1. Taking R0 as 51 Å, what's the FRET efficiency between Lys54 and Glu244 from their Cβ-Cβ distance, rounded to 0.05?
2. Using only Cα atoms, locate the centre of segment 260-306 and the centre of segment 173-232, then give the distance between them in Å, rounded to an integer.
3. From the phi angles alone, apply the Karplus equation (6.51, -1.76, 1.60; θ = phi - 60°) to segment 62-71 and give each ³J(HN,Hα) in whole Hz, x where the residue is Gly or Pro.
4. Points 7 angstrom from Cα along the Cβ direction at Glu12 and Asp95: gap in nanometres?
5. Which loop-located trypsin sites (Lys or Arg not before Pro) does segment 59-165 contain, where loop means any DSSP state but H, G, I, E or B and the Cβ has at most 16 other Cβ atoms within 10 Å?
6. Please state the charge dipole magnitude for segment 88-168, taken about the Cα centre, from unit charges on C-beta atoms (+1 on K and R, -1 on D and E), reported in debye and rounded to the nearest 20.
7. Quick one: Karplus J couplings for segment 152-160, per residue in order, coefficients 6.51, -1.76, 1.60, θ = phi - 60°, nearest Hz, x for Gly and Pro?
8. Cut-off 10 angstrom, C-alpha nodes, Gaussian network model of the chain. Which of Thr120, Thr98, Thr17 fluctuates the most?
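Just so it is clear, none of the values below were taken in a lab; they were calculated from the coordinates. In this text, all values refer to a predicted model and were calculated from it rather than measured experimentally. Don't worry about glycine lacking a Cβ; one is built from the backbone with ideal geometry, like all the others, and counts go over all protein chains shown.
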Amino acid sequence: MMKLQWAKEIAEFIDPTNVKVDEPLNKYTMTKLGGPADVFVMAETEEQAGQVVKYARKNNVPIFLLGNGSNMVIRDGGIRGIVLNLSKLDQIHIDGTTVYAQSGALIIDVSRAAAAESLTGLEFSCGIPGSVGGAMAMNAGAYGGEINDVIESCKVLTQEGDVIVLSKEELELGYRKSIIQSQGFYALSSIFQLQKGNKQEIDATIEDFTFKRTSKQPLEFPSAGSVFKRPPGMFAGKLIQDSELQGKGVGGAEVSTKHAGFIINKDNATATDYIETIRMVQKVVKEKFDVELETEVRIVGEDAVPTK
């Protein structure tokens, strides 16, 4: 099997304990969904990440970057080729008003580190359950703020394994998009430029945003977060709520009764259940309001092969 050969060769330059064959990906996603990766690799340094990308390129092996799996649904058949995980690249450093964060760090942790140094600007991200890399790729935002407001530059790997640094302008950040996403780059680290603020006010804002998140979002169940992009001049959650879809779903997946913009893994759902629930919501909202709901979550991987 090719995957055994890939794993053996990658283990020559990556700690073998960080290279796994047929690793279930539901262990690494917020939905607790997803089939196996042919080869799952955890890089411990930016150099190792580059080596893995170059290996995949040289050997014509598909490669997929998996952050903390907060904004995606991996199909039940899993992902072919190499799945590269950067969660061990999680360093955060602060120098004055400049914050350096590696892509595996959680954006929530970066926001807390900034608050501890009385730095304002990242409070909005205290409720975003994703990694810095994922937040960069989709220009994540909440509560009126977004990455575009505070980013200075981002170091990325190209698909060829070359390292380049992109300025704020070069990142081409838009609503839930960036050049990282469109060009298939791999974010390695980011530099944020914040401002000195009043620590009590910063802490109060974070406490307020955290309360809003915990009181309104179904955090007690696995989910991919907010499933749909906001249609122009509307709110996806309101359209879904007005379509009377809360509590409905397919299999073990269900539109949350707490927040209609979320689909939860309520009872051992499969990825197929989750995706069919998404499609059902899109269909009903289209029929009722003539609005095409576009997914914010990424749906990746392959369907499971039916058993005979």
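1. Numbers: r = 52 Å, r/R0 = 1.02.
The calculated FRET efficiency here is 0.50.
2. With segment 260-306 and segment 173-232 each reduced to a Cα centre, they are spaced 22 Å.
3. x, 9, 10, 8, 10, x, 9, x, 8, 10
4. Spacing of the two 7 Å Cα→Cβ label points: 3.7 nm.
5. Lys88
6. Working: 4 positive and 10 negative charges, 22 e Å.
Computed charge dipole of segment 88-168: roughly 100 debye.
7. 10, 7, 9, 8, 10, 9, 7, 5, 8
8. Thr17
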